[in-house]
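The values are calculated or read from the model by the stated rules, or taken from the named source; none is laboratory data. Nothing here was measured: the structure is a model prediction, and the numbers come from that model. We place every Cβ from the backbone using ideal geometry, glycine too, and count neighbours over all the protein chains shown.
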Amino acid sequence: MSHGSTARAPSAPLLVASIAPSVPDPLVARARLLLLGLFALNGLTFSSWLARLPTVRDELGLSTGQLGIVLLASSAGSLAMVMIAGALVTRFGGRRVLLVSTVGFTLAYVFMGIGPTVGSVVMLVVGVMLNGMSFALCNVPLNVETAAVERRMGRTMLPHFHAAFSIGAVVGSGLGGLASHAGVPLTVQFGVTAVVALAWRLGSISHVILDTVAPAHRTAVAASDLAASHLGVPGTAVRRRGLATALDAWREPRTLLIGTVIMAAALSEGSANNWLSLAVVDGFGRAEAVGAVVLAIFIGSMTLVRLLGTRLIDRCGRVAVLRVSGLVALAGLLLFGSAPNLPVAGVGVMAWGFGAALAFPIGIAAASDDPMRAAARVSVISAFSSVASLAAPPLLGLVAESIGIRHALLLITAAMVVSVLLARSVGRPEQGTLTAVTAEPLPLPLPLTEAVPSLAGRS
């Protein structure tokens, strides 16, 4: 940049991003392994607590309907937190947010273990809500960092992390079942879970952050403040703008379209997790164990495709894979809903799982194309997912009262059709459309490197 230039200065975050050193490959490899472990841990803790719901209900003397209301506290807490998680990651960085969520998880499991034991529904509700909030809070930085690993490794990786969550969920369900069979008290199981998870997370967090937004944000603010001292430009405006970026994502058409795709994915996967086993029991008159096996088929199908589907995305592209996935899931659900017998329905469940596997990781990757705006955009699409998780169970339950849960699940086909129609939104933007900034460029009369001599020579 010549000293005689009168062009607008580049935004400070873009300047910072351009001079940031690349992370060595060993650090990326370590971050990848630790992130896989954290995703598996989230799945394990999530399902191991749900596996003890019958014990929770019995110890508190709750009806199934009352337990459902208690569980809504988790969805409500998750939705409330995910609305601001992007702004928190942008302002404070992923590491601090993950540490706060770790404390929240630990307290949540303590409350969820003690509440039923002492007969306190209020304590259980507090624990359940804190658990949902902590899950939403950690979900944004974890997905942002997995997208960073994917970018730096130069190939699709996100489905592997979501497969790790699924594997962890299967293991957690098994551990919860074993604890129940052995008569392990809730306080013991949840207490051990809290301690192990706390140590696991604290040992991992410091090594998984590759693309933390906060340091660049702070450097940009400092540079703008220094420029202000030379030029009289109010640096506080940049601070306000940097935080407002998290809210700006709600006005981006592409982000909202990706959020709709994510909502469809959440409806598909979440409805299967909540209702599939019951649909088998009621729809085909089978035992609860058979319903659990069919649910395992669905989860196993999803996990398999998430492990093997990364090369497919690299070869065919996100848009084509999302379209085919939606059509396969649609066909599988239609087959399950109309099957004359359980073996045929099982084939439909397998196809449903195959089709549902990649939509969520593809959406996360699409929202993270621009590293500097990834946290805000992931927060937005996570809110769409939370809305689906909050609204779908009671709505499907109401419809099931009239037509049965197996046929009520067919309503999800509408969301799958929408996902196929909006598949183009997950395509990679052209290079020129990426705006890796967290603040509007300041209308400085001189380039920033001239206004701030300490930055001169770095561009």
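Please work out if Ala31 is at pLDDT 85 or above, in the same structural domain as Arg95 (by TED's automatic domain parsing) and not acidic (Asp, Glu).
Judged against the criteria, Ala31 is a match.
Being of a type in the set (D, E, K, R), under 18 Å from the mean Cα position of the chain (by Cα) and at pLDDT below 95 is true for just one of Arg373, Arg286. Which residue is that? If you could, list the steps in order and put the result at the bottom.
Numbers: Arg286 fails: under 18 Å from the mean Cα position of the chain (by Cα).
Sole residue among the options that is of a type in the set (D, E, K, R), under 18 Å from the mean Cα position of the chain (by Cα) and at pLDDT below 95: Arg373.
Go through the residues of segment 109-119 one by one and say whether even a single one is of a type in the set (S, T, N, Q), modelled with pLDDT of 90 or more and in the same structural domain as Ala73 (by TED's automatic domain parsing).
Within segment 109-119, one or more residues are of a type in the set (S, T, N, Q), modelled with pLDDT of 90 or more and in the same structural domain as Ala73 (by TED's automatic domain parsing).
Any residue that is at negative phi and either charged (D, E, K, R) or not in a helix (DSSP H, G or I) (or both) - is there at least one of those in segment 33-49? Walk me through how you get there before you give the answer.
To start, the set of residues in segment 33-49 that are at negative phi comprises 33-49.
From what's left, either charged (D, E, K, R) or not in a helix (DSSP H, G or I) (or both): none.
Taking every residue of segment 33-49 in turn, none turns out to be at negative phi and either charged (D, E, K, R) or not in a helix (DSSP H, G or I) (or both).
Farther than 18 Å from Thr146 by Cβ, modelled with pLDDT under 85 and not assigned by TED's automatic domain parsing to the domain that holds Leu256: which single residue out of Val56, Val70 fits that description?
Of Val56, Val70, the one residue that is farther than 18 Å from Thr146 by Cβ, modelled with pLDDT under 85 and not assigned by TED's automatic domain parsing to the domain that holds Leu256 is Val70.
Name the single residue that is surrounded by the fewest Cβ atoms within 10 Å (Cβ to Cβ) among those in segment 307-328 being of a type outside the set (A, V, I, L, M) and free of Cβ contacts under 8 Å to residues at least 24 places away in the same chain. Show your work before the answer.
So the first thing to find is which residues in segment 307-328 are of a type outside the set (A, V, I, L, M), and the list is 309-311, 314-318, 323, 325-326.
Applying the additional criterion that residues be free of Cβ contacts under 8 Å to residues at least 24 places away in the same chain yields 315-316.
On the way: Arg315: 10, Cys316: 13.
Of everything passing the filter in segment 307-328, Arg315 is surrounded by the fewest Cβ atoms within 10 Å (Cβ to Cβ).
In the set Gly113, Gly86, which member is closer than 15 Å to Pro185 by Cβ, of a type in the set (Gly, Ala, Ser) and crowded, with 22+ Cβ neighbours inside 10 Å?
Working: Gly86 fails: closer than 15 Å to Pro185 by Cβ.
Unique residue meeting the criteria: Gly113.
Which ones in segment 285-295 are surrounded by fewer than 17 Cβ atoms within 10 Å (Cβ to Cβ) and either assigned to a loop (DSSP other than H, G, I, E, B) or in contact with a helix residue (DSSP H, G or I) (Cβ under 9 Å, 6 or more places away or on another chain) (or both)?
Residues satisfying the conditions are Gly285, Arg286, Ala287, Glu288, Val290, Ala292, Val293.
Out of everything in segment 123-170 that is charged (D, E, K, R) and assigned to a helix (DSSP H, G or I), what residue ends up being farthest from the chain's Cα centre (by Cα)?
In this case the residue turns out to be Arg152.
Quickly run through segment 338-349 and pick out the residues that are farther than 13 Å from Ser268 by Cα and either touching a Phe, Trp or Tyr at 6+ places or on another chain (Cβ under 8 Å) or charged (D, E, K, R) (or both).
Hits for segment 338-349 are Asn341, Leu342, Ala345, Gly348.
A quick yes/no check of all residues on (1) at negative phi; (2) modelled with pLDDT of 95 or more; (3) in a helix (DSSP H, G or I):
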{"position": "Leu307", "(1), (2), (3)": "yes, no, yes"}
{"position": "Arg311", "(1), (2), (3)": "yes, no, yes"}
{"position": "Asp314", "(1), (2), (3)": "yes, no, yes"}
{"position": "Val328", "(1), (2), (3)": "yes, yes, yes"}
{"position": "Gly332", "(1), (2), (3)": "yes, yes, yes"}
{"position": "Gly337", "(1), (2), (3)": "yes, no, yes"}
{"position": "Pro340", "(1), (2), (3)": "yes, no, no"}
{"position": "Pro343", "(1), (2), (3)": "yes, no, yes"}
{"position": "Gly348", "(1), (2), (3)": "yes, yes, yes"}
